[in-house]
1. When you go through Ala122, Ala103, Ala92, Ala85 one by one, which is the residue that is farther than 18 Å from Arg31 by Cβ and aliphatic (A, V, I, L, M)?
2. For Gln139, are the conditions met, namely being modelled with pLDDT of 95 or more and polar (S, T, N, Q)?
3. I'm checking my understanding of the structure. Among residues of segment 97-116 that are out of contact with any Asp or Glu (no Cβ under 9 Å at 6 or more places or on another chain) and within 16 Å of Ser69 (Cβ to Cβ), which one is most open to solvent (accessible area, probe 1.4 Å)?
4. Need at least 3 residues that are modelled with pLDDT of 95 or more, among the polar types (S, T, N, Q) and within 13 Å of the chain's Cα centre (by Cα) per element, so show me which strands (runs of 3 or more DSSP E) inside segment 52-132 make the cut, counting only ones lying wholly within it.
Amino acid sequence: MKALLAALIFACFVPGLASTAGLDTFAWKNRVLLVVAGAGNSMLAQQRQGIAAQRAALAERDMVVLQVSGDTVTPLYGNAPGVTAGELLNAAKIDPSASGFQAVLIGKDGGVKLRQDRPVTAEALFGLIDAMPMRAGEQRGAKSSRP
């Protein structure tokens, strides 16, 4: 009976753990914007340009921005030590064979907060994040710790 119970627990929980392995590095520390597109995609160039102009705002919101092209993960802002493209795509439930462009925002809790097939503007991204309860708490905490 104990062996059966152990097998059931293993079967129920291991697939769920495997599906978030790529995001475990960032859990409760960073919000992650995944930008998934081929290297020559014009929307990718537009998204990269928008991100480059927002470094201070990204830092303030504990962001990591990762480009996934094929099997390659390229940090556009922040670091992604040891994270593979397959893990990230699996965790964000993105079909690795899909073509085109996708922007996916993952919250600090690991949940998908935004998914769209066009570049996300800084206003939309930061507006969404700033409306999150966790972000509101961070902002209150930052104000109370100022001298």
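1. Numbers: Ala122 fails: farther than 18 Å from Arg31 by Cβ; Ala103 fails: farther than 18 Å from Arg31 by Cβ; Ala92 fails: farther than 18 Å from Arg31 by Cβ.
One residue alone meets the criteria, Ala85.
2. On the way: modelled with pLDDT of 95 or more: no; polar (S, T, N, Q): yes.
No.
3. Keep residues of segment 97-116 that are out of contact with any Asp or Glu (no Cβ under 9 Å at 6 or more places or on another chain), which gives 97-99, 104-107, 109, 111-116.
Cutting the leftovers down to within 16 Å of Ser69 (Cβ to Cβ) gives us 97-99, 104.
Numbers: Ser97: 96, Ala98: 57, Ser99: 115, Val104: 0 Å².
Only one residue tops the list, namely Ser99.
4. In segment 52-132, there are no strands (runs of 3 or more DSSP E) which contain 3 or more residues that are modelled with pLDDT of 95 or more, among the polar types (S, T, N, Q) and within 13 Å of the chain's Cα centre (by Cα).
The values are calculated or read from the model by the stated rules, or taken from the named source; none is laboratory data. Computed from a predicted model, the values in this text were never measured in an experiment. For neighbour counting, all protein chains shown are included, and Cβ atoms are generated from backbone atoms with ideal geometry for every residue, glycine included. To get the accessible areas, we keep the full protein, side chains included, count just its heavy atoms, and leave off ligands, DNA and RNA. Shrake-Rupley method; radii C 1.70, N 1.55, O 1.52, S 1.80 Å.
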